[in-house]
Amino acid sequence: MSGLQEGKEYKSIRIMPIPVEYEQFAAFVGEVFRLKNVTMPLWNGGLEFKTVPSAKPGTLQSSPTRGVTYKSRLNVASSSISNQVALNANDEVPIYDASSGNFPFWSIVNLSNIPRYHDAEVPTTTPVIVCFTVNTYSGQNGISLSLNLHWVAVLM
């Protein structure tokens with residue numbers, strides 16, 4: 001899904017997490033970042049994972065992730081994005097089709113073995129796995145989280 005945030009384009013997926021899993025995730029993130037309160041990017045009760053928004057028209061693109069990399073065993077679709085902390089709005093967000101039932105969870109370490117999903121958009125109510133990284137930033141209400149989208153696997 002594409003969207004606009006303060007005149008900037010981005011790509012996103014919004015999910016309705018399982019309540020117990022969401023609470024454990026919020027507690028884990030709070031502990032890792034040593035936060036007393038966790039502000040999550042919510043949309044109608046669901047979590048929103050998205051790319052870094054593009055620059056506003058007529059401005060230079062600045063990236064908060066410039067020079068920041070992480071090491072991963074994941075073999076993502078393009079080596080040019082495999083070490084980024086977050087995808088940019090112009091990057092392709094890979095969507096994989098894991099609906100065949102022959103998707104052993106360990107296969108996420110080599111995504112090239114999983115076929116691509118045939119549609120550009122994932123239908124509402126479709127169960128998915130979302131690969132993402134978490135960053136913090138200073139928001140209007142203190143420290144906020146960004147859930148940076150990397151890829152999606154459709155399960156059904």
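The values are calculated or read from the model by the stated rules, or taken from the named source; none is laboratory data. Source: prediction; values computed, not measured. Quick reminder, even Gly has a Cβ in these numbers, built from the backbone with ideal geometry, and neighbours come from all protein chains shown.
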Note on the stretch 15-47: residues outside any strand (DSSP E or B), among the β-branched types (Val, Ile, Thr) and more than 15 Å from residue 135 (Cα to Cα) are 18, 20
For the stretch 57-66, check the following and say yes or no: at least one residue is surrounded by 10 or more Cβ atoms within 10 Å (Cβ to Cβ), over 24 Å from residue 153 (Cβ atoms) and at pLDDT 75 or above. no
For the stretch 20-34, which positions are exposed (fewer than 11 other Cβ atoms within 10 Å of the Cβ) and either within 19 Å of the chain's Cα centre (by Cα) or hydroxyl-bearing (Ser, Thr, Tyr) (or both)? 21, 32
Somewhere in the stretch 44-54, is a residue aromatic (Phe, Trp, Tyr) and at pLDDT below 75? no
If only one of 90, 37 is surrounded by fewer than 18 Cβ atoms within 10 Å (Cβ to Cβ), modelled with pLDDT of 80 or more and farther than 25 Å from residue 119 by Cα, which one is it? 37
Out of (1) modelled with pLDDT of 65 or more; (2) outside any loop (DSSP other than H, G, I, E, B); (3) under 15 Å from the mean Cα position of the chain (by Cα), the odd one out for residue 3 is which? (1)
Of the candidates 20, 85, 76, the one satisfying the condition of being touching a Pro at 6+ places or on another chain (Cβ under 7 Å), of a type outside the set (Ser, Thr, Tyr), at pLDDT below 90 and within 26 Å of residue 155 (Cα to Cα) is 76
Within the stretch 118-138, is there a residue that is among the aromatic types (Phe, Trp, Tyr), crowded, with 16+ Cβ neighbours inside 10 Å and modelled with pLDDT under 75? no
Scan (1) closer than 22 Å to residue 148 by Cβ; (2) assigned to a loop (DSSP other than H, G, I, E, B); (3) modelled with pLDDT under 85 for the single condition residue 100 breaks and write down its number. (1)
